[in-house]
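Below is one structure, written out as structure tokens; comments come after it.
The values are calculated or read from the model by the stated rules, or taken from the named source; none is laboratory data. These figures come from a predicted structure and were not determined experimentally. Cβ atoms come from the backbone with ideal geometry, glycine included; neighbour counts cover every protein chain shown.
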Amino acid sequence: MMIHQPTLLPSNWLELVSDFDISKIETIEVQIIAKKIKALILEKEDSIIGSRLIQIFLSAVVNKNYNIYEDFNSIPKYVIDEAFFEIENKPKLKGLRFCEKFDSVLIELIAFRDILQMNNFTPIEKERVEGQSDFFIKKYCLEYEAEVKFKMGDQSFYESITNLIMGYSMFLKVNCLVGKEISINIKLQSSHINDNNKKRVYQKVEQWCQSDLCNFSDDDIDITVEDGSEKYLKIECGENTRIACIPTSNDVSAILKSHIQTIKKQFTKRNPKRSIGIIVWTTPINYDSEEKKQIKANIISSIQSEINSLGYICDRLYIYPTALKKSLLFKRKKGEN
């Protein structure tokens, strides 16, 4: 259950975004990120309102709050530029696809920073060309190439729907979302979760948010609406929305295998002397502590068999954020160059 008091956007909200003085943000790193986000909002407008990180920026604009995105302090400028490259060069990216990609970029930045800091790596600034590794880093006198892959589990899809409704609740033109209690049940089976089906459901909720907010039901989703507290929006998701609840070890293996294979192919092609793979795994916020422990155990129990079956992968593979201190070390097979 989520209870939210939205910041309401006035009719001239885009003008306020344009006038927002980024120079008042304290750190250079966050200024750089805020400048990029500001440009994305002015380009894509309300088509990206479903991103929680976009909503945080808009709330900061309305409230003239310059202490935002503090998690991103100490990330070098060139690393930020590299991370945003794929988003900035895809002008047609919007809706669910944009929100997933945008949120993944910022989560990857935090993961990359944490892994570097907690394992005594430092970044190396190099001019990157297409086809190269994501980042270059070093430890002592040794240089490594690093590749980051992000996985948002299917169990996180409800979070995307919740964030979308929260985003639309900020607009005065659909202000009737405020003061409502909304219950959501996504009917998709876990085996049917894919990009096309998620996009279809997401678009249905977008259309519903801009309607008269009547109860809605079809083969994909149930939405019921009741009156609630005057200033708040309450969103509750049914158990089915959690979609298969905790992924099994086999589920985890199937998901991680494709990411590990991708990292292997990329490093095999580039043939770096030393390489590090980083897989960022998001845990849905509606899981309790015991469920999160079980997911972590399933990841750790399944990863070793996938590593063994694929042979040489990289010097080090980190699964973030399950256990940064438990780095898994892998070398080339004996006899390989």
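Give me a count of the residues in region 28-45 that are closer than 18 Å to residue 164 by Cα and in contact with a Leu (Cβ under 9 Å, 6 or more places away or on another chain). Steps first, please.
At the first step, the residues of region 28-45 found to be closer than 18 Å to residue 164 by Cα are 37, 40-41, 44-45.
With in contact with a Leu (Cβ under 9 Å, 6 or more places away or on another chain) added as a condition, the list becomes 37, 41, 44-45.
The total comes to 4.
Tell me, please, whether a residue that is at pLDDT below 85, in contact with a strand residue (DSSP E or B) (Cβ under 6 Å, 6 or more places away or on another chain) and buried (at least 17 other Cβ atoms within 10 Å of the Cβ) can be found in region 219-233. The answer is yes, given that some residue of region 219-233 is at pLDDT below 85, in contact with a strand residue (DSSP E or B) (Cβ under 6 Å, 6 or more places away or on another chain) and buried (at least 17 other Cβ atoms within 10 Å of the Cβ).
Looking at region 172-209, which of its residues are surrounded by 13 or more Cβ atoms within 10 Å (Cβ to Cβ) and assigned to a loop (DSSP other than H, G, I, E, B)? Hits for region 172-209 are 178, 179, 187, 188, 193. If we scan region 258-271, do we find a residue that is part of a helix (DSSP H, G or I), at pLDDT below 75 and among the basic types (Lys, Arg)? Checking region 258-271: not a single residue is part of a helix (DSSP H, G or I), at pLDDT below 75 and among the basic types (Lys, Arg).
Looking only at region 79-108, residues that are over 20 Å from residue 166 (Cα atoms), buried (at least 16 other Cβ atoms within 10 Å of the Cβ) and aromatic (Phe, Trp, Tyr) come to 1 in all.
Here's the yes/no breakdown for (1) in the same structural domain as residue 206 (by TED's automatic domain parsing); (2) touching an Asp or Glu at 6+ places or on another chain (Cβ under 6 Å); (3) at pLDDT below 95; (4) surrounded by 20 or more Cβ atoms within 10 Å (Cβ to Cβ):
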residue: 45; (1), (2), (3), (4): no, no, yes, no
residue: 50; (1), (2), (3), (4): no, no, yes, yes
residue: 56; (1), (2), (3), (4): no, no, yes, no
residue: 61; (1), (2), (3), (4): no, no, no, yes
residue: 64; (1), (2), (3), (4): no, no, yes, no
residue: 67; (1), (2), (3), (4): no, no, yes, no
residue: 70; (1), (2), (3), (4): no, no, yes, no
residue: 73; (1), (2), (3), (4): no, yes, yes, no
residue: 77; (1), (2), (3), (4): no, no, yes, no
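Yes or no, residue by residue, for (1) part of a helix (DSSP H, G or I); (2) of a type in the set (Asp, Glu); (3) at pLDDT below 85:
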position	(1), (2), (3)
116	yes, no, yes
125	no, yes, yes
129	no, no, yes
137	no, no, no
157	yes, no, yes
160	yes, no, no
165	yes, no, no
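Identify all residues within region 86-110 that are under 15 Å from residue 148 (Cα atoms) and more than 11 Å from the chain's Cα centre (by Cα); write none if there are none.
The initial filter retains those residues of region 86-110 that are under 15 Å from residue 148 (Cα atoms), namely 86, 101-110.
The answer is 86, and nothing else.
Scanning region 73-85 for residues that are more than 14 Å from the chain's Cα centre (by Cα) and assigned to a helix (DSSP H, G or I) gives 77, 78, 79, 80, 81, 82, 85.
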